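One structure is given below, encoded as structure tokens.
The values are calculated or read from the model by the stated rules, or taken from the named source; none is laboratory data. Note that the structure is a prediction, hence the values are computed from the model and not measured. Cβ coordinates were reconstructed from backbone atoms using ideal geometry, including for glycine residues, and neighbour counts include every protein chain displayed. Each accessible area value is taken on the protein alone, full model and side chains, heavy atoms only, with ligands, DNA and RNA left out. Shrake-Rupley method; radii C 1.70, N 1.55, O 1.52, S 1.80 Å.
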Amino acid sequence: MKYSDPLGKWLWGVATSAHQSEGNNVRNDWYHFEMLPRRIKRGDKSGKATDFWNRFEEDIRLAKDFGMNTFRFSLEWSRIIPKPDVVDNSALAHYQKIIDTIREYKLEPMVTLHHFTLPKWIANEGGWVNKRNLDHWKFYVNVIAGNLENVMLWNTINEPNVVIAMGYFTGMFPPGNSFDVPGYVKAMRNILLAHGFAYHILKKYQPHSKIGIVKNITWFYPYRRWSFTENLLAGFFDYMFNEITLRALKTGKLPLSLQPVSFLKGSIDFFGLNYYTKSYVRIVEPGFIAMAKPHEFTTQMGQVPYPEGLRLAIKRVRDVGKPIVITENGVPTLDENVRKAYIEAHLREVEKAIQEGYDVRGYIYWSITDNFEWAEGFEPRFGLVEIDYATLERKPRKTAFWLKERMKNFRYPRNIS
Ligand code: IFM
């Protein structure tokens with residue numbers, strides 16, 4: 001084995017969003033979505049987004065300058081497989097170059113196979129609701145697993161619950177369906193199967209690598225504590241958004257099935273936990289979800305910081321029985337005091353969880369630079385580094401330097417280096 005077990009050290013790093021809609025003349029379903037009017041705020045188009053594709057070395061160097069040891073990014077399916085059964089070897093070579101550059105800077109690459117975007121030709125065939133697309137998925141994963149080297153940390157799917165809830169329930173992501181519960185359930189079943197297939201394909205080719213799924217936990221609370229219906233609905237949302245995935249990993253059972261799928265149960269080596277916020281459920285408004293109550297502090301995306309929710313999430317996913325890596329946590333803001341306070345409060349919750357004996361192996365901030373924030377467009381600013389979208393120039397924010405010092409004193413578990 002060329003590289004040591006990455007879960008044996010404290011993983012401290014950043015994630016980036018490597019998605020582009022226009023690469024190699026390949027169109028993914030977000031490009032298609034942009035064509036639909038009023039779906040992305042202000043009519044923003046991702047275009048080349050942060051141009052990570054060409055400027056990756058700059059971003060990797062910045063992570064190194066900030067004292068980190070891990071760099072998380074994702075692959076774009078449509079770049080690698082632009083048409084059914086056609087492999088773009090130049091795209092593969094380019095991704096290998098990114099991975100090798102991360103290694104040259106002595107950072108641990110963490111690579112995600114699927115982060116929200118589908119090739120347009122898959123989306124046109126029904127995307128995740130069409131079970132036949134799983135054959136195309138297996139083809140893609142075989143190509144990756146058989147070709148990309150020097151990766152010890154893989155994520156199969158980023159936030160399956162988010163991409164499907166936004167696509168089939170809120171309608172804010174492609175394909176833009178609202179309250180399509182049958183679509184939601186079908187797509188959740190298929191995307192979880194896709195995870196299971198990917199886990200086993202990767203393990204077959206790269207048995208020493210560690211493979212996780214990246215799961216967002218959001219807490220749902222009744223808007224009015226005394227409302228029976230809102231309590232009931234909060235439980236329903238929690239089941240749909242959080243529990244379906246946790247149950248699949250713990251028992252192999254998919255929604256609407258009592259029979260477990262044998263290859264799903266326990267199909268992770270670590271649990272990638274993304275955590276940002278909580279939501280309120282209320283029945284008086286259409287849409288059911290309120291992100292905040294009046295007078296609560298909110299971020300640029302209207303979310304309420306709820307740091308203790310991170311420790312509660314760590315407790316909740318412990319049942320899956322695998323080490324936990326915080327694969328995303330971050331805040332969209334233009335105020336560096338807010339960013340610093342948000343990060344500090346969440347790091348303290350992680351430290352507490354570690355002291356209480358929870359097996360957390362890393363913390364990854366979202367994200368190294370500002371990013372194209374999906375339906376929210378370019379306005380939210382998550383980056384430790386500002387992007388000037390006119391020139392694509394990178395300008396580190398002061399929180400990055402504060403964080404470098406803060407992490408020197410982070411109380412990570414004593415049994416890892
Ligand atoms: O930008 C997203 C990311 O793509 C997935 N997790 C949440 C982030 C912030 O909203």
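Observations on the model:
- Linear extension gain, Ile416 paired with Lys315, 0.36 nm per residue minus alpha-carbon span: 34.4 nm
- The simple Förster model, with R0 at 30 Å and r as the Cβ-Cβ distance, assigns Tyr239 and Tyr3 a FRET efficiency of 0.15.
- Computed [θ] at 222 nm, deg cm²/dmol, the chain (DSSP H ≥ 4; -39,500 (n - 2.57); rounded to nearest 500): -11500 deg cm²/dmol
- Rounded to the nearest Hz, the phi-derived 3J(HN,Hα) couplings of the stretch 63-74 under the Karplus curve 6.51 cos²θ - 1.76 cosθ + 1.60 (θ = phi - 60°) are 4, 5, 4, 7, x, 8, 10, 9, 9, 9, 8, 10, where x marks glycine and proline.
- Accessible area per residue in Å² at 1.4 Å probe, computed on the chain: 40
- Modelled this way, with points 7 Å down the Cα-to-C-beta line, the labels at His208 and Asp85 are 3.5 nm from one another.
- Rounded accessible area of Ser74 (nearest 10 Å², 1.4 Å probe): 0
- For the stretch 270-417, the convex hull spanned by the alpha carbon atoms encloses 139 Å³ per residue.
- The residues neighbouring Tyr280, those whose beta-carbon lies less than 12 Å from its own, together hold a net charge of +2 under the Lys/Arg +1, Asp/Glu -1 convention.
- A simple rule links phi to the HN-Hα coupling: the Karplus curve 6.51 cos²θ - 1.76 cosθ + 1.60 with θ = phi - 60°, which for the stretch 295-310 gives 6, 7, 6, 10, 8, 4, 9, x, 8, 9, x, 9, x, 4, x, 5 Hz, with x for Gly and Pro.
- Accessible area of Glu344 (1.4 Å probe, protein heavy atoms only, ligands and nucleic acids ignored): about 30 Å².
- Here the ratio of the Cα radius of gyration of the chain to 2.2 N^0.38 Å is 0.92.
- Remark on Ser279: its backbone amide H falls under 5 Å from those of Trp219, Phe220, Tyr221, a criterion applied only to residues 5 or more positions apart or on other chains, H modelled at 1.01 Å from N.
- By the Stokes-Einstein formula, at 0.692 mPa s and 37 °C, the stretch 126-248 with its Kirkwood radius over alpha-carbon pairs has D equal to 208 µm²/s.
- Peptides 116-122, 375-381, 226-232 ordered by average Cβ neighbours within 10 Å, highest first: 116-122, 375-381, 226-232
- Compared with the direct C-alpha span, the chain from Lys41 to Val181 gains 47.9 nm at full extension, assuming 0.36 nm per residue.
- His208, His32, His295, His115, reordered so the largest accessible area comes first (probe 1.4 Å): His295, His208, His32, His115
- Extension gain (nm, one decimal) between Leu134 and Ala93, 0.36 nm per residue minus Cα-Cα: 12.3 nm
- When a 1.4 Å probe is rolled over the protein heavy atoms, the share of accessible surface on the chain that falls to carbon and sulfur comes to 52 percent.
- Across the stretch 71-184, the relative contact order, built from alpha-carbon pairs under 8 Å that are at least six residues apart, equals 27 percent.
- Mean Cα-pair separation over length for the stretch 213-289, i.e. relative contact order, pairs under 8 Å, 6 or more apart, %: 43
- If R0 is taken as 45 Å, the Cβ-Cβ distance between Glu57 and Met172 corresponds to a FRET efficiency of 0.85.
- Phe297 exposes around 120 Å² of accessible area when a 1.4 Å probe is run over every protein chain in place.
- In nm, spacing of pseudo-spin labels at Phe263 and Asn231 (7 Å Cα→C-beta vector): 4.3
- For Val385, the residues whose amide H sits under 5 Å from its own are Thr369, Asp370, Arg397, ignoring neighbours fewer than 5 places away on the same chain, with H placed 1.01 Å from N.
- Sequence-distant contacts, meaning Cα pairs under 8 Å at least 6 residues apart, place the relative contact order of the chain at 17 percent.
- Each Lys and Arg adds +1 at its Cβ and each Asp and Glu adds -1 at its Cβ; summed about the Cα centre, the stretch 167-293 shows a dipole of about 320 debye.
- With a cut-off of 13 Å between beta carbons, the residues surrounding Lys404 carry a summed charge of +4, where Lys and Arg count +1 and Asp and Glu -1.
- Neighbours of Glu351 by Cβ distance under 15 Å: Lys/Arg scored +1, Asp/Glu scored -1, total +4.
- Centroid-to-centroid separation of the stretch 59-75 and the stretch 166-200 [C-alpha atoms, Å]: 30
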